[in-house]
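Below is one structure, written out as structure tokens; comments come after it.
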Amino acid sequence: MNKANLLSQAFLKQRPKAAADLLEEFPPEQAAAFIERISAYVLAPVFNEMASWPAARLVEQLTTQLAVDILGSLPANDAETLLRLMDSERRAQ
């Protein structure tokens, strides 16, 4: 992992609310490209801080495995909310 990735991961771990606010400002495709190599363990607190609509849009852009891992790391009611907001085809995956 390069130094930029280490810095990004440290920011996500230490400042999940600030990271959530920042990710919400980016188009979901760009945000997904940024976080695609980060573990669900690190990302779950960030998603927990995001507003539901932007979080659902972002989850739709992730690989199926990462999306499943993140949703599985969230409280059940939060994961359910995101699933309800997702596109029905993507939700079925």
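The values are calculated or read from the model by the stated rules, or taken from the named source; none is laboratory data. Quantities reported herein were computed from a predicted structural model and do not represent experimental measurements. Because the Cβ atoms are built from the backbone with ideal geometry, glycine has one as well, and the counts that use them run over all protein chains shown. In case anyone asks, the SASA skips ligands and DNA or RNA and just uses the protein heavy atoms, side chains included. Shrake-Rupley method; radii C 1.70, N 1.55, O 1.52, S 1.80 Å.
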Of the residues Val46, Val68, Val59, which exhibits the maximal mean-square fluctuation in a Gaussian network model of the chain defined by a 10 Å Cα contact cut-off?
Val68
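Pull out the extension gain between Glu89 and Thr64, defined as 0.36 nm times the separation in residues minus the alpha carbon to alpha carbon distance; nm, one decimal.
Details: separation 25, 0.36 × 25 = 9.00 nm, distance 1.20 nm.
Working it through step by step, the gained length comes to 7.8 nm.
At 1.4 Å probe size, with the rest of the protein present, what percent of the exposed accessible area of the chain is carbon and sulfur atoms? Display every interim value, and only then the final one.
Values: 3040 of 5720 Å².
Answer for the chain is 53 percent, counting heavy atoms of protein chains only.
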In the Gaussian network model of the chain, springs joining C-alpha atoms below 10 Å, which of Ala32, Ala18, Ala56 carries the largest mean-square fluctuation?
Ala18
Karplus (6.51, -1.76, 1.60) ³J(HN,Hα), θ = phi - 60°, over the range 25-32, in Hz, Gly and Pro reported as x:
7, 8, x, x, 4, 5, 4, 4
Take the alpha carbon atoms of the chain, find their radius of gyration, then divide it by 2.2 N^0.38 Å using N residues; give the quotient.
0.99
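Give the residue list of trypsin sites (Lys or Arg not before Pro) in the range 1-42 that are DSSP loop and have at most 11 other beta-carbon atoms within 10 angstrom. Before the final figure, lay out the partial values.
Details: sites: Lys3, Lys13, Lys17, Arg37; in loops: Arg37.
Of the trypsin sites (Lys or Arg not before Pro), the ones in loops of the range 1-42 whose Cβ has at most 11 other Cβ atoms within 10 Å are Arg37.
To the nearest 500 deg cm²/dmol, what mean residue ellipticity at 222 nm is calculated for the chain from DSSP H runs of n ≥ 4 alone, each contributing -39,500 (n - 2.57), summed and divided by the residues? Present the calculation step by step, with values, prior to reporting the outcome.
Numbers: 8 runs with 75 residues, N = 93.
When only DSSP H runs of four or more count, the value is -23000 deg cm²/dmol.
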Point-charge dipole on Cβ atoms (K/R +1, D/E -1) for the chain, about Cα centre, debye to 20:
300 debye
Across Ala51, Ala79, Ala67, the residue with the highest GNM fluctuation in the chain (Cα network, 10 Å cutoff) is Ala51
State, as an integer percentage, the relative contact order of the chain based on alpha-carbon contacts under 8 Å between residues 6 or more apart.
28 percent
1.4 Å probe accessible area per residue over the chain, in Å²
61 Å²
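Just flag the GluC sites (Glu not before Pro) in the range 1-40 sitting in loop per DSSP whose Cβ has no more than 14 other Cβ atoms within 10 Å. Don't skip to the end; give the middle numbers.
Details: sites: Glu24, Glu25, Glu29, Glu36; in loops: Glu36.
Filter output for the range 1-40: Glu36.
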